[in-house]
Amino acid sequence: MAKPTNILGAEHRLLHHITATHILPTSGGHEKMSYQDLYVMWHVVTGKPLNLPHLIMKNMLRPTCKVEGALPYGMVITMILSHFGISLGNEVASSLDVGDIYNASSLKRMAWKRVFDSEKGVQWLPKEGGRKRKRVEGEGDEDVEE
């Protein structure tokens, strides 16, 4: 069973987002961690070697058994095909998805804060506490930022 990402600290939440969107991209939401996501994250955190080409091949084979599966790693495949001189002139270019860009806004959503230190300059640090659930009488639960 998948684990929710809201139990993770800020560093691991960022690592999970990178894992779920770039290393092992899947369609759908990223609010839950698959066992494969956890496996990759464990290898990154512990520094253990990981057979990444094997995982990428398995991830590329997964959509072949689905009716509407999308082939992952489009940018990497495009670079490989271009390297070998295969023309991609008839293809329609697509723009980057907002979720593929890491900037101040995306880091704030993932519970990071920008801090200025006179010696080190601007740094991004994890917020303490993150999000909490607050009960408002007469209404449903609301997410509140600390």
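This table checks each residue for (1) of a type outside the set (Phe, Trp, Tyr); (2) closer than 21 Å to Thr19 by Cα; (3) free of Cβ contacts under 8 Å to residues at least 40 places away in the same chain.
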site: Met57; (1), (2), (3): yes, yes, yes
site: Arg62; (1), (2), (3): yes, yes, yes
site: Cys65; (1), (2), (3): yes, no, yes
site: Gly74; (1), (2), (3): yes, yes, yes
site: Leu88; (1), (2), (3): yes, no, yes
site: Val98; (1), (2), (3): yes, yes, yes
site: Arg114; (1), (2), (3): yes, no, yes
site: Asp117; (1), (2), (3): yes, no, yes
site: Trp124; (1), (2), (3): no, yes, yes
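So Thr21 ticks every box in (1) hydroxyl-bearing (Ser, Thr, Tyr); (2) without any contact (Cβ under 8 Å) to a residue 60 or more places away in the chain; (3) part of a helix (DSSP H, G or I) but one. Which box is left unticked?
Result: Thr21 fails condition (2) only.
Filter region 81-103 for residues that are more than 15 Å from the chain's Cα centre (by Cα) and surrounded by 11 or more Cβ atoms within 10 Å (Cβ to Cβ) and give the result.
Leu81, Ser82
Is it fair to say Pro72 is closer than 26 Å to Glu11 by Cα, in contact with a Pro (Cβ under 6 Å, 6 or more places away or on another chain) and part of a loop (DSSP other than H, G, I, E, B)?
yes
Could you grab me the full set of residues in region 1-51 that are surrounded by 12 or more Cβ atoms within 10 Å (Cβ to Cβ), over 22 Å from Pro126 (Cα atoms) and aliphatic (A, V, I, L, M)?
Those that are surrounded by 12 or more Cβ atoms within 10 Å (Cβ to Cβ), over 22 Å from Pro126 (Cα atoms) and aliphatic (A, V, I, L, M): Ile23, Leu24, Leu50.
Quick check on my filter: what residues within region 52-69 are assigned to a loop (DSSP other than H, G, I, E, B) and surrounded by 10 or more Cβ atoms within 10 Å (Cβ to Cβ)?
Gly69
All of the numbers you see were taken from the coordinates with simple rules; none came from a lab. Given the structure is predicted, the values throughout are model-derived calculations rather than measurements. Every residue, glycine as well, gets a Cβ built from its backbone with ideal geometry; the counts of neighbours run over all protein chains shown.
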